[in-house]
Amino acid sequence: MQENPLREYLDDQLFFTLWEKGFLNERAIRDFYIRRKFNQLRHAVRPKEIIEHLQEEFSYLSTETIRKIVYSRPTSADAFPQGRPLELINGNF
């Protein structure tokens, strides 16, 4: 990960420390980024064009997968890999 997409919630140092220790779920962060970008652009650009742009940015994802990410609701299980929330809460970095 080259930038901190959670900057509004975590400062860069904390984000990269958590990332290096394996406390952050890459898929959940990617999906958060995709949803946020879609929501930011949806009033100015047609949804189809946004999804096409996101598919170019994430070329390893199909258009259908991006559509599912955008139109599905995130679950709390997506936030952490299994077993990590307790470690994070207890401060066991």
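So which lysines pass the test for K48, namely a Cα distance under 29 Å, with those fewer than 8 places away in the same chain ruled out?
K37, K68
Any idea what log10 I(q)/I(0) is at q = 0.19, 0.24 Å⁻¹ for the stretch 1-40, Debye with uniform C-alpha scatterers and no solvent?
-0.52, -0.80
Taken together, the values in this text are just the output of simple stated rules run on the coordinates, not laboratory data. Keep in mind that what you see is a predicted model, and the values were worked out from it rather than measured.
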